[in-house]
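Scroll down for the structure; my scribbles are underneath it.
Just so you know, all these numbers are worked out from the coordinates, no wet-lab data involved. From a predicted model like this one, the values you see are computed outputs, not experimental measurements. With ideal geometry, Cβ positions are generated from the backbone for all residues, glycine too; neighbour counts draw on all protein chains shown.
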Amino acid sequence: QALHDLGYRDSPVDTAREMLGEGQQLILRFHAVAGLHYEVVDIQLEGVVSVPESEIRTLFATRARVRDTSFRQTTWEDDLKEVRSYYQRRGFHRVTVEGRERSTIDQSGDIVLVARIHEGARAHIESSQVEGAEQIPPGDVLRAATVRSGMAFDARGLVEARERIVNLYRNEGFRSADVQARSQIDDEGTKTKITFLVREGRRTRVDRVILSGLDVTRESAVVRFLTIRSGEPLSSAAVLETRQKLVGSGLFHSVD
């Protein structure tokens, strides 16, 4: 692996074993032949139509014709994944990215890398709606999701939008809220309808806030740090904020 990372990807390695001291010691000998050193002399892009080629090139960790241009297969594969993710974020949900290698004529080990891209259809969000939202207005739910018509459709972004809705409900006291996100793409692959299915569950409110473990510190000195209050929805964010404030106050070694 070390030789591969240095650009010697065809290096054969032989291993020999020798037992010494009546089998009490084992000596391993590795014989490696470096072989041809592969360097990247150029990176070419094929199929880039809808996005600036300059932006694609900034995604590559692999470099050509600079210091330490040794070819690393794992790095190149990661580069291709970055390109695919870049396109998907911009609505190209059917994009494919393939890597190719072209050796130079003199067989010196110089390699030209080619990223062959098939962009496919680009989808935008045609509409978005919420089903099952009753105690929180659907408009507020969509605003929390930050999904709106005209945006590029991104499957990963849809998962993140769902998480934002879940956090909204958790902070409003709906501890068992369940949210599902569905997308429906038309036959041309250019328009998407988004639906968030919400099952709110019961809302939990704070009955009382009880402080325990105060042997030295007065309760009045702690209350001012609380963002959890009786009668309000039990907010996950408020619980976390309260703990952070208490830890940051310097009054306690630890807070649970």
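Computed quantities for the displayed model
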| read-out | value |
| --- | --- |
| Percentage, to the nearest whole number, of Cα pairs in the chain over 30 Å apart | 60 percent |
| Spin-label pair Ser127/Asp186, simplified geometry with 7 Å Cα→Cβ offset, distance in nm | 1.2 nm |
| Sum of -39500 (n - 2.57) over DSSP H runs of 4+, divided by residues of the chain (222 nm, nearest 500) | -8000 deg cm²/dmol |
| Percent RCO, i.e. relative contact order, over the chain, from Cα pairs under 8 Å lying at least 6 residues apart | 13 percent |
| Shape of region 110-256, Cα gyration tensor, a/c cut at 1.5 | oblate |
| Trypsin sites (Lys or Arg not before Pro) restricted to region 151-218 and DSSP loop, no more than 15 other C-beta within 10 Å | Arg175, Arg202, Arg208, Arg218 |
| Among beta bridges that DSSP assigns inside the chain, antiparallel share in %, nearest 5 | 65 percent |
